[in-house]
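Worksheet: the structure to be examined is printed underneath.
The values are calculated or read from the model by the stated rules, or taken from the named source; none is laboratory data. Only a predicted model underlies this, so the values are computations on that prediction, with no experimental measurement involved. Heads up, the Cβs are rebuilt from the backbone with ideal geometry, glycines too, and the neighbour counts pull from every protein chain shown. Remember, those area values only see protein heavy atoms, side chains included, never the ligands or the DNA or RNA. Shrake-Rupley method; radii C 1.70, N 1.55, O 1.52, S 1.80 Å.
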Amino acid sequence: MKTLITNAHIISPGVDIPGGSVLIEGTKIVDVLLPGETAEADKVVDAGGNMLLPGFVDIHSHGAGGCDTCDCKVESIRTIADCKMKEGVTTWLPTTLTLGTKTLMDVCTAVKEYAASPNGSKTPGVHLEGPFINPKQCGAQNPAFVRPSDFEEVMEINSIYPVRYISLAPEMPGATDFIAKATAAGITCSAGHSAATHADFKKAKAKGLKFLTHFCNQMSPQHHREIGLVGSGMLDKDIKIEIICDTIHLCSDMLNLAFTNNGIDQMVMVTDSLACSWMPDGPGSLGGLPIIVKGGVARLESGNLAGSTLRYAHGLRNVWKITGKPLSELVKATSWNQAQALGLHDLGKICPGYTADMVLLDADFNTVKTIIDGEVKYEA
């Protein structure tokens, strides 16, 4: 079946076409049409002049709608995937916490069951945030479950459902060896919850480190005598940088600095959303630790930030307003960069041959429709 999306403001990496159209056949994009051009189709969808972007790829999100990935229930994964789809996220890596091996395996079992019959965002793998972190940089992670990096443990988890991405502290004993083995196994490694020096960073990068997890948060800060991981992210022009764009985890000026200093090919927008995302303010929990949400901001009882309630498209809106950069450039950081880094090479562009995963946004960056594999799966 052919579907034609008409009257769309098409925004894709390097592309900005007001009044354009996109022709879809089955699950793939087969043509992008300029204003005035048309094509025969079995179904026509009027975009109403709204912005049509590649579907978002959120590689770091723990939960939403009152559910957490680590509930280890397929029903929870379905709820989160539905919420993410409503944000315009078409691909999501269910993200774990620093917990025991059995819990992480049970998460993968639930995700595998969901992936067999998805109702929302697609889940090509999981993101293990921890447990191989620095106990001095736990943040909102549970220190009771922190342990040394163990490649065999991750391979056991991976045998249930693919581990696509793992956040760990590269300065801890055995971490660089783990990074080399994980990279060789096709797992993308990121430095997070870490007190690494710049020298530690360089050693880890030489072994295959590709990302920095939630930039500036729970990582060694920049100082004029030791630039730490924050300075490493500013100095290195290859490393990918996860960034939470809620203006809470990083202030507006820091967001502007990061997006101005670093190439757009480095930037990767994430939500780091929790179960309290899409929920009213009030008490909650994260990995067994109590949290409180007030004014949409989630914190531990200690006051530490504990992930976000950010909805993906609103992060893009924040960066667009703060930096003034064109959306045809910023959109690289919402899907293309993630897809390329994780080997999902048919995602991230509105271009013939690519999978028809797209999101339609209104002028205030609210989701109007979400299209997954060529079908309108959500409509506001």
Residues being surrounded by 18 or more Cβ atoms within 10 Å (Cβ to Cβ), assigned to a loop (DSSP other than H, G, I, E, B) and not polar (S, T, N, Q) - total across region 203-235: 6
Qualifying residue in region 67-75 (condition: of a type outside the set (D, E, K, R) and closer than 25 Å to Asp362 by Cβ): no
Total residues in region 248-298, condition closer than 25 Å to Ile166 by Cα and part of a loop (DSSP other than H, G, I, E, B): 13
Search result, residues across region 247-261 that are surrounded by 21 or more Cβ atoms within 10 Å (Cβ to Cβ) and touching a helix residue (DSSP H, G or I) at 6+ places or on another chain (Cβ under 7 Å): Leu255, Phe259
Residue within region 163-171 that is aliphatic (A, V, I, L, M), open to solvent by 10 Å² or more (accessible area, probe 1.4 Å) and under 26 Å from Val57 (Cα atoms) present: no
Residue within region 36-54 that is β-branched (Val, Ile, Thr) and under 20 Å from Tyr165 (Cβ atoms) present: no
Any chance Ser302 is modelled with pLDDT of 90 or more, closer than 25 Å to Leu99 by Cα, of a type in the set (Gly, Ala, Ser) and not in a helix (DSSP H, G or I): no
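Conditions (1) within 19 Å of the chain's Cα centre (by Cα); (2) outside any helix (DSSP H, G or I); (3) small (Gly, Ala, Ser); (4) surrounded by fewer than 22 Cβ atoms within 10 Å (Cβ to Cβ), marked per residue:
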{"residue": "Thr98", "(1), (2), (3), (4)": "yes, yes, no, no"}
{"residue": "Thr103", "(1), (2), (3), (4)": "no, no, no, yes"}
{"residue": "Asp106", "(1), (2), (3), (4)": "no, no, no, yes"}
{"residue": "Ala110", "(1), (2), (3), (4)": "no, no, yes, no"}
{"residue": "Tyr114", "(1), (2), (3), (4)": "yes, no, no, no"}
{"residue": "Ala144", "(1), (2), (3), (4)": "no, no, yes, yes"}
{"residue": "Glu153", "(1), (2), (3), (4)": "no, no, no, yes"}
{"residue": "Glu156", "(1), (2), (3), (4)": "no, no, no, yes"}
{"residue": "Ile160", "(1), (2), (3), (4)": "no, yes, no, yes"}
Pair list, Cβ < 7 Å and 6+ apart or interchain, from region 71-99 residues that are of a type in the set (Phe, Trp, Tyr) to residues that are part of a helix (DSSP H, G or I) and open to solvent by less than 10 Å² (accessible area, probe 1.4 Å): Trp92/Ala81; Trp92/Lys84
Lone qualifier among Val331, Val297, Val319 - being modelled with pLDDT of 95 or more and under 30 Å from Thr98 (Cβ atoms): Val319
Matching option when the condition is open to solvent by 60 Å² or more (accessible area, probe 1.4 Å) and touching a residue at least 12 places away in the same chain (Cβ under 8 Å), among Trp336, Trp278: Trp278
Selection status of Glu129, modelled with pLDDT of 95 or more, in contact with a Ser or Thr (Cβ under 7 Å, 6 or more places away or on another chain) and crowded, with 23+ Cβ neighbours inside 10 Å: yes
